Amino acid sequence: MLTTSLAAPPSPLSARRRRTVLAVCALSMFLVGVDTTIVNVGLPEIERGLDAGTRGLEWVVDAYTVVMASLLIVSGALADRFGRRRVFRCGLLVFGLASLACALAPSLGVLVAARAVQGIGASMLSPVALAIVVNAMPDPRERARAIGVWASVFGLSMAAGPVTGGVLIDAFGWRSVFWINAPVVVAALVLVAVFVPESRGERARRLDLPGQVLLTVVLCLSVGILIEGPRVGWTSPAALAGYALTAAATAGFVLVELRRDEPLMDLGLFRRPPFVTAVLGATAVFVALNVTLLLNTFYLQHTRGWTPLATGAATLPMALGATLCAPWSGFLVGRLGPHRPLILAGGFTAAGGLCLVNLDQDTSVSLILLAFLLIGIGFGFANAPLTNTAVSGLPPSRAGVAGAITSTARQVGAAVGIAVAGGLIAGADPVRLAAETRPGWLLVSACGLFLLVVARAAGPRTAHPA
């Protein structure tokens, strides 16, 4: 099993040093999360600047998320083998250099390629940051609080991305959303070198290269079909070939994983209904979030004529809801278990989507802001109980890979959400765009309702975060 172990030996670090390690890792995770969503609000500007179509813009976002999703698990394994601080610093360096390439990209193809390299760097940050934090904090209660802070920062960063992007784009243009990464990466590299201790897994595991290649192929093909399907036709020879290749790669991945002593992904976890529903729930949450962000961006800028700054500001209620409710959710999970926070997450998300199912050119701004607030609250309540449900009842040796698979599912959901939302509005003129978004808001509501199913699978039991 290739994963980052959550089992940690006692740490000699002082309390202040442990808090500093958490802060440094949280800063890096904030960078990764912001970059997942910050580009959304700038897509119309990128479209004009690079003469790109909607499907090309989808690849700008999904090249990052798909590559990151496919490499999260193996990056954790590499960190266990070669040193977590070393891999973390390497990830920061790759992420920073790729950000500079994005900022200087002369064409859409170069931008998409640079975003894919950004995804490689980001994959070295997410699981490794969590492992560093866990290794630095041997006390279970302190570790649980630290994981809650880590998850809250990541959730906040996802919601804050559009606001930050709107401010930067309005003042400096779309390339600024990539330039801004450079000073943050430099600061993080210095802080990691000074404060973060080196650590490794208890036992180095062999790399599952065939499994890694097949997983990447499955994810890239699946998202590629969703993006290009409306253009080539869902029953065209190209689409049919894509379906066949995806099915073959999926079957090959399952066979390879079942036959390996140390597989990339522990498929035995999928025999546990709570784990399966948690993974699907994590996917659904990020589908809903990314459908919301993309439809919001194009509707407000193309149909309503808003600036990027105004569009980003419109997501402030979403960021506020996520910021306030993420730590509250972690507290409720620790006290009452995941059931009630998931009920709240599902209810608020579904209500937010339903607010916009009749969206048109003249929909009240207050209703739009209310919808974003409700969806943000749902997002804030969702992450902690989903992670808890995924790892609950597992020994540390399996909890690590369970958490990694859940993180992968989140990024897959982000990629699918962008692909679906982009397919809905591709080629739509500003007058018709509002009507074209309506199935997307129904999808957001459906994702919220699915979280109620996850809540039922999680059960009412009390469970402390792993």
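In this structure, T363 does not qualify as over 24 Å from V453 (Cβ atoms) and either assigned to a helix (DSSP H, G or I) or in contact with a Lys or Arg (Cβ under 7 Å, 6 or more places away or on another chain) (or both). Residue check: is R115 among the charged types (D, E, K, R) and at pLDDT 90 or above? Against the criterion (among the charged types (D, E, K, R) and at pLDDT 90 or above), R115 qualifies. Every condition in (1) touching a helix residue (DSSP H, G or I) at 6+ places or on another chain (Cβ under 7 Å); (2) open to solvent by less than 10 Å² (accessible area, probe 1.4 Å) holds for P274 except the one numbered (2). Kindly evaluate I169 against the criterion of being modelled with pLDDT of 75 or more and touching an Asp or Glu at 6+ places or on another chain (Cβ under 8 Å). Criteria met by I169.
Of the residues R115, R85, the single one that is in a helix (DSSP H, G or I), in contact with a helix residue (DSSP H, G or I) (Cβ under 9 Å, 6 or more places away or on another chain) and open to solvent by 30 Å² or more (accessible area, probe 1.4 Å) is R85. Just so you know, in segment 247-271 the residues that are open to solvent by less than 30 Å² (accessible area, probe 1.4 Å) and of a type in the set (G, A, S) include one that is nearest to V416 (Cα to Cα), and it is A249. When segment 335-355 is examined, which residues are found to be open to solvent by less than 30 Å² (accessible area, probe 1.4 Å) and either among the charged types (D, E, K, R) or part of a helix (DSSP H, G or I) (or both)? P341, L342, A345, G346, T349, A350, G352, G353, listed by residue number. Just to be sure before I move on: is V184 open to solvent by 40 Å² or more (accessible area, probe 1.4 Å), without any contact (Cβ under 8 Å) to a residue 24 or more places away in the chain and either part of a helix (DSSP H, G or I) or not aromatic (F, W, Y) (or both) in the structure I sent? No; evaluated as a whole, the condition is false for this residue.
So which residues in segment 195-240 are in a helix (DSSP H, G or I), exposed (fewer than 12 other Cβ atoms within 10 Å of the Cβ) and modelled with pLDDT of 85 or more, if there are any at all? P237, the sole residue that qualifies. Condition check for N296 on (1) farther than 23 Å from Q411 by Cα; (2) polar (S, T, N, Q); (3) in a helix (DSSP H, G or I): one failure, at (1).
Scanning segment 412-423 for residues that are open to solvent by less than 10 Å² (accessible area, probe 1.4 Å) and either in contact with a Gly (Cβ under 8 Å, 6 or more places away or on another chain) or at pLDDT below 85 (or both) returns a single hit, A421. Contact annotation: residue pairs with Cβ atoms under 8 Å, 6 or more positions apart or on different chains, pairing a residue in segment 68-94 that is aromatic (F, W, Y) with a partner that is open to solvent by 10 Å² or more (accessible area, probe 1.4 Å), are F82/R200; F88/M124.
Just one of the numbered conditions (1) farther than 29 Å from A310 by Cβ; (2) surrounded by fewer than 24 Cβ atoms within 10 Å (Cβ to Cβ) is not true of A52: (1).
Selection of first residues in segment 225-237 that are farther than 22 Å from G417 by Cβ and of second residues that are of a type outside the set (D, E) and surrounded by 13 or more Cβ atoms within 10 Å (Cβ to Cβ), restricted to Cβ pairs under 8 Å at least 6 apart or on distinct chains, gives the following pairs, ordered by first then second residue: G233/A239. Among the residues of segment 291-339, the one identified as touching a residue at least 60 places away in the same chain (Cβ under 8 Å) and charged (D, E, K, R) is R335.
The values are calculated or read from the model by the stated rules, or taken from the named source; none is laboratory data. Quick caveat: nothing in here was measured; it's all calculated off a predicted structure. Cβ atoms come from the backbone with ideal geometry, glycine included; neighbour counts cover every protein chain shown. Note: areas computed on protein heavy atoms with side chains; ligands, DNA, RNA excluded. Shrake-Rupley method; radii C 1.70, N 1.55, O 1.52, S 1.80 Å.
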